[in-house]
Structures are given as structure tokens and as C-alpha cells.
1. Between the DSSP loop rule and a limit of at most 16 other Cβ atoms within 10 Å, which GluC sites (Glu not before Pro) in chain B are left?
2. Of the options G:His37, D:Tyr27, F:Leu9, report the single residue whose Cα projects farthest towards the positive end of the charge dipole of the protein assembly as shown (beta-carbon charges: Lys, Arg +1; Asp, Glu -1).
3. What Rg and what Dmax come out for the range G:5-72 when only alpha-carbon atoms are used, in angstroms?
4. Which whole-Hz couplings ³J(HN,Hα) result when phi for each residue of the range A:47-56 is put into the Karplus expression 6.51 cos²θ - 1.76 cosθ + 1.60, θ = phi - 60°, listed in order with x for Gly and Pro?
5. Per 20 Å bin, what percent of the C-alpha pairs of the protein assembly as shown does each bin hold, from zero upward?
6. Which residues' amide hydrogens lie under 5 Å from the amide hydrogen of F:Asn39, considering only partners 5 or more residues apart or on another chain, with H built in the peptide plane?
7. What is the set of long-range amide H partners of D:Ile67 at a cut-off below 5 Å, with H atoms built 1.01 Å from backbone N?
8. What are the ³J(HN,Hα) values, in whole Hz, obtained from phi via the Karplus relation 6.51 cos²θ - 1.76 cosθ + 1.60 with θ = phi - 60°, for each residue of the range E:9-20 in sequence order, with x given for Gly and Pro?
Amino acid sequence: MEMRPLDALNKARGKRVIIDLKNQRQYVGTLSAFDIHINIVLEEAEERQDGEVKKKLGTVFIRGDTITIISTQ
Amino acid sequence: MEMRPLDALNKARGKRVIIDLKNQRQYVGTLSAFDIHINIVLEEAEERQDGEVKKKLGTVFIRGDTITIISTQ
Amino acid sequence: MEMRPLDALNKARGKRVIIDLKNQRQYVGTLSAFDIHINIVLEEAEERQDGEVKKKLGTVFIRGDTITIISTQ
Amino acid sequence: MEMRPLDALNKARGKRVIIDLKNQRQYVGTLSAFDIHINIVLEEAEERQDGEVKKKLGTVFIRGDTITIISTQ
Amino acid sequence: MEMRPLDALNKARGKRVIIDLKNQRQYVGTLSAFDIHINIVLEEAEERQDGEVKKKLGTVFIRGDTITIISTQ
Amino acid sequence: MEMRPLDALNKARGKRVIIDLKNQRQYVGTLSAFDIHINIVLEEAEERQDGEVKKKLGTVFIRGDTITIISTQ
Amino acid sequence: MEMRPLDALNKARGKRVIIDLKNQRQYVGTLSAFDIHINIVLEEAEERQDGEVKKKLGTVFIRGDTITIISTQ
């Protein structure tokens, strides 16, 4: 069966992912949950700017419609 | 069963959360209600700017589509 | 049963509320109606700017998708 | 039964209303039709700027998602 | 029965209409088709700027979500 | 039966069309496919700027919600 | 049977594609998955700027509503 985009997210569960938002912010954390709207929950998350950690955040809920790109480290 | 994003919000009920909006505003308050659109109700809410309390607000209804990030303190 | 965001709006019926829009405008009035899209009707409404009354408006229909925050006075 | 927002629009049928759009334009006219998307038809409409009539328009169809506020004169 | 907004568009079929878009462009043409999304087809269309014809276009399909106002000449 | 907007697109299949996007880009190509979201596939497409060919592209998939206008040459 | 836009994406599976986003970024990679929202997964992806590789990314999930154009190399 052909792979669907949510299958790729499912394989990233428990791994560190980098999420870029429409407002230029970037969050890095362990992917613990997602849904069909691409709402995301990251654990041990941090906000980054130009590759530097800007803020430690713990658990973060990210609304799907604000996301552009999700990549694995 | 795998955790979904709304489960994470559910665990944050009754706790202090920080909500960042698309228009750069930030609200902090006790999460008392949410729905599938991520509409949120905060109690004892305050608007913050650069980490400082800007305004005390009481109960606040936040429309889901204006939210980018929800984190716990 | 757990409270949902629309329950909070329901409790605000007949009370003065402050509504912030995405375009930075602010309306204050008595909440007389709302629906699941968060379309809102205010009675005895006024437009405010920096806490000052800018315009008296009577009954106002506000389209839900233009709203960011609804708070009680 | 509690009033819903569309009931308020229904009561405004045949009356002069002022409609503010997201792009800052303002239209005034007699409300002759609306639907659940808040698409609106005005008769004897005019575009206004700073309270002055800028253009006479006759019948105007306004797409709902461009509207922020509808008020009665 | 009360008139709905699409009834007004239906009455404009075969007539010259002026369509304003969110990106400030204006198209004038004979309304030949529309649907519930307010997607529109104009025949013998022209793009106008400040009341002047800028470009002759023939048949034009306009995506509904880009439209703000449709008026008759 | 009255013509609907998608009928107009259907008549343009196999013909050269000009597509204007919300981000001001313009694509010209042979219309080979479309759907109800107005997602479009062009063959032998080129990106144009001010009437000049900027880039030759081959087959291009254009997401519907980025389109403003589709016209025939 | 007439081709639909998703059929064109299906033919591009396993091939290198170029994806332009609304925020002006460009990603190049091997198309491994897509869905009806045009959510996309690229393998061996890279972010490009002015035709130059800016960053190597591995597997990338791109949210559909941020995409404007998908073309094949």
C-alpha cells in the first residue's frame, strides 16, 4: 500500500522533530501526538532562533494551521 | 492507545497555560475549557508583553484560529 | 460534565463583553446572541480605541472569523 | 428561545445597514438578502469613506468572508 | 419566500457586472456562470484600473474566495 | 441547463490558459486537469513576468487556493 | 477517463519535485507521499534559495495549505 503523509508523521513519534511555523518561529521537540489537522504535541520542546535555543518550553501544543514544515533532525 | 493532541490539552485543564496568538499577543491563565476548534477559555487570565503583565482580564474566550502555541508553565 | 467554550459564552449572555478583532478594533456591548462560528450580536455597542469610546453603534453583528478575544468587563 | 445572530440579521431586512469590510471599505444600503455564510445583498448601496459617499452602486453582492461588522444606522 | 444572495446573482446572469477582488483588481464582464462558492465566469471581460480598461480578457474564471464585491453597472 | 463555472474550465481543457496567483505570479500552460478545489495541472507550463517568459517548467500542479483568475489566451 | 490533479501527483511519486511555498521558500526532494489536502512528504529533501542548496533536510512533511506550486525537474 502506498504511504500517506500521516504515516510519515507516525514513524516520527518519539523522535526529535523540527517544526517551522508561518510566523517564522521554529520549535524542536519530541513528537508525542498529532491528528489529521496536523495539530502537534511536542515534549521537551524548545524555541529556536538561527539555530540557537531561545527558550525551554516543556510540553507544547502547536495548532496545525500555523505549521509549514516538519522535519526530522 | 496513542495519545492525541486534545488529550494533552485535557491533561492541562485546571493548570496555568501560556497561549501565543498569531497577532503576537500572549495570554496566561488557568485552562478551564477547550473544543475541537481549539477555542479556549482561560480563568484569571492576564495579557503579557515581554514577560510582564500588561492587563488583568478575568475570564477570556480565545478563538481557536488565532492561536499558534499553547504551553504549560 | 466538563465545561466547553460555548458554555462560557452562554454564561456571558446579557452581560457587557469586550471583543477584540484581528484588525485591532475593539467593541464593547451587551452580548445578546452567538453561534458555533462565534458570530456575535452586541446590543448598545460602542467602538473603543485606547480605552476611549470612539463611536456609539447600537446593535452590531460581528462575523466570528474576525474575532480574536472575548472578555468580560 | 434564545436569539441567534442570524435572527438579528433577519430583523434588519429592509432596513439601512452599514457593513465594514476587512479591507477597510464601508458599504451602506438596504439589507435585502443574506445566507449562513453571511453573504449579503444590499439595495441602493453606496460606498463610503470617512462618512462621505464615495460612489453610488445600486445592488451589491458582498461575499461573507470579507465582512467584519454589520451595524444598523 | 425571502430572497437569498444567490438569487440576486441569478438575476444578474447575462448582464454586465463589476467584480472587486481582495488584491484590489477589478474585472468587468457579462456574468455567465457562478456556484455556491461564488466562483464566477465572465464573458467579454476586461480588467480595469481607476475606471480605465487595462486589459481585454475574453472568458475569465474568478475563484470565489478572492472576491469582495459584485455590483451591477 | 445553466452553465456552471466548472463547465467553463472543462471547455478549456487542452487549451492554453493564463493563471494568476495571489502572490502576483503568473503561469501559462495547457490545461490538462482540474478538480472542485480548482487545483490545476498545466502541461508545457511557463512562469511569466510582465508578459515575458521567466522560466520553462514542464508539468505544474497549482494548488487551488492560491489562484485568483484563470483566463484563456 | 479524464485526468484529475491528484493523478498527476501520483505519476510524480518517486521522482524529484520542486515545491514552492506561500512564504517564498522552495523545497526539492523525492515525492514519497501526498493526500487530498496536498500534504506532502519528500525524501532526501533540501531547501533552496535562488537555485542554491541552503540546507539538507532528509525527510520533510509539508503542510498542504502552505503550498503554491509543485513542478517536476
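No value in this document is a laboratory result; all are computed from the given coordinates. All values derive from a computational prediction rather than experimental measurement. With ideal geometry, Cβ positions are generated from the backbone for all residues, glycine too; neighbour counts draw on all protein chains shown.
1. B:Glu2
2. Comparing the listed Cα positions along the dipole, D:Tyr27 ranks first.
3. When restricted to the Cα atoms of the range G:5-72, Rg and Dmax are 10.9, 31 Å.
4. 8, 10, 9, 6, x, 9, 5, 9, 7, 8
5. Reading the bins upward from 0: 21, 49, 30, 0.
6. Under 5 Å from the amide H of F:Asn39 lie the amide H atoms of F:Gly64, each far enough along the sequence or on another chain.
7. For D:Ile67, whose amide H was placed from the backbone, the distant partners under 5 Å are D:Lys22.
8. 5, 4, 5, 8, 3, x, 9, 6, 10, 10, 10, 9
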